[in-house]
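A quick write-up on the structure given underneath.
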Amino acid sequence: MRKLIFPIAALTIAACAAQPKAYFASDGFIQGTTYHIVYRYKTDLNVQIAAELHRFDTSLSAYISESTISKFNNNLLTQTDDTLFLNCMRRAIEISEITHGAMDITVSPLVNAWGFGFSEKANVNQQLIDSLKEFCGYEKINIDGNRITKTDPRIQLNANCIAQGQSVDIVAEMFERMGIYDYMVEIGGEVRANGLNPKGKTWRIGIDKPIDDSTAQNRELQGIVALDGKSLSTSGNYRKFYVKDGLKYSHTIDPKTGYPVQNSLLSASIIGLDCITTDALATACMVLGTERAAAMCDTLPNIEYYFICSDADGTLQTIASEGFMKVMVE
């Protein structure tokens, strides 16, 4: 075996020159929500993180009129070199196929009609829903290389069910390109974590109990998971909703019916390798309901789930995969 011999003096100089690593935090606002990022490195990376999130915003934020997704929605774009946008759309279509349309990025007109989008709530009736569904459906989007087209100019994309997860991934992937392997990236509740936290332990991430509270002030933890090398997304109907005539209308729209979902599933938490996938699957599970969502997740590799549902008398019940329960901590 060949031995490598280094002069002691050279090693001493190198050790003195190396900067010690410490934990840094970055917090802010993006996509209409907050982000909290913690990482271990030799220097602060707030500028680089902000640049990545800005790059993402200019691609997939519908809040920005000049973003790629806004241009597509306004029929100003059919071809682009924006890989963030194209990769998001490709993955969204793949997950739409996996979930048989339970997750669909073309439901924006329906989301708007119910008052959860970018326009005032409409006077919803079956006739309106039927008319809007005519230009909804992921199969109406086609991607060929860097060309993306739609079969109807009225089709509007809404990436809220997948884009936040992707934004988490692009920050985590930037870290890993830089050799950073102790980090936690959280954007709008979507999380990806790797390595150890500042206490030298696996990152601990809480799962909220599904308490109806649109202000997000009344929070109580249902459980805590130890997350390492994985992503966690939770979707629920206890934050974004409104009540009218005694009925609760949630922000999760069933693409097939065009109506807000009405089932016993209150919260769906998904663990997977990347956050773009867990984000989209958590939304799909809320549409599918407990039994169908569990059956779907059981067929998918590297996917674990934790569902909180209510029985007939309102008592909370949990259904979880074996793999998810293994990472639950006290």
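The values are calculated or read from the model by the stated rules, or taken from the named source; none is laboratory data. This one's a predicted model, so the numbers in the text were calculated from it and none came from an experiment. Positions of Cβ are generated from backbone atoms using ideal geometry, with glycine treated the same way; all protein chains shown enter the neighbour counts. Please note that ligands, DNA and RNA were not included when accessible areas were found on the heavy atoms of the full protein model with its side chains. Shrake-Rupley method; radii C 1.70, N 1.55, O 1.52, S 1.80 Å.
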### Query
Which of the listed residues, MET286, SER96, ILE162, is farthest toward the dipole's positive end in the chain, when Lys, Arg count +1 and Asp, Glu count -1 at the beta-carbon?
ILE162
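Looking at segment 39-149, how many pairs of lysines come closer than 24 Å at the Cα, when each pair is eight or more places apart or spans two chains?
Total qualifying Lys-Lys pairs in segment 39-149 comes to 4.
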### Distance in nm between pseudo-label sites at TYR181 and ASN125 (7 Å out along the Cβ direction from Cα)
6.3
### Message
Only Cα pairs within less than 10 Å get springs; with that Gaussian network setup on the chain, which residue of ASN197, ASN158, ASN302 has the largest fluctuation?
### Response
ASN302
### Message
As a test of reading the structure, rank LYS256, LYS230, LYS21 by solvent-accessible area (1.4 Å probe, protein chains only), most first.
### Response
LYS256, LYS21, LYS230
### Query
Which of the following values of Cα extents along the principal axes in Å was calculated from the structure shown: (1) 57, 45, 34; (2) 81, 51, 40; (3) 64, 55, 39?
(2)
### Message
Need the C-alpha centroid separation for segment 156-215 versus segment 68-100, integer Å.
### Response
22
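For the chain, with only Lys/Arg (+1) and Asp/Glu (-1) charged at the beta-carbon, what is the dipole magnitude about the Cα centre, in debye rounded to 20?
Roughly 840 debye for the chain.
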### Message
Can you tell me which of MET286, MET178, MET296 moves the most in a GNM of the chain? Springs connect C-alpha atoms under 10 Å apart.
### Response
MET178
### Task
Excluding residues on the same chain fewer than 8 positions from LYS230, give the aspartates and glutamates whose Cα lies under 17 Å from its Cα.
ASP169, GLU173, GLU176, ASP182, GLU186, GLU190, ASP274, ASP279, GLU304, GLU322
### Query
How far is it, in nm, from the label point at LEU76 to the one at THR151 when both lie 7 Å from their Cα along the line to the Cβ?
2.7
### Query
Can you give the calculated 222 nm mean residue ellipticity of the chain, where each DSSP H run of n ≥ 4 adds -39,500 (n - 2.57) and the sum is split over every residue, rounded to the nearest 500 deg cm²/dmol?
-9500 deg cm²/dmol
### Summary
Descending accessible area (1.4 Å probe), largest on the left, turns PHE85, PHE24 into PHE24, PHE85
### Message
Defining a contact as two alpha carbons under 8 Å apart and six or more residues distant in sequence, what relative contact order in percent does the chain show?
### Response
14
## Note on the structure
When the chain is treated as a Gaussian network with springs between alpha carbons less than 10 Å apart, the largest mean-square fluctuation among GLY258, GLY165, GLY206 is found at GLY206
#### Entry: Dipole magnitude of segment 69-224 about its Cα centre (Cβ charges: Lys, Arg +1; Asp, Glu -1), debye to nearest 20
200
### Query
What are the ³J(HN,Hα) values, in whole Hz, obtained from phi via the Karplus relation 6.51 cos²θ - 1.76 cosθ + 1.60 with θ = phi - 60°, for each residue of segment 137-154 in sequence order, with x given for Gly and Pro?
x, 4, 5, 8, 9, 10, 10, 9, x, 9, 10, 10, 9, 9, 7, 9, x, 7
### Query
If the chain between LYS201 and ALA226 were fully stretched, how many nm would it gain, using 0.36 nm times the residue separation less the Cα-Cα distance?
8.1 nm
### Task
Tell me the label-point distance for the pair ASP27, GLU139, using the 7 Å Cα-to-Cβ offset, in nm and rounded to one decimal.
4.8
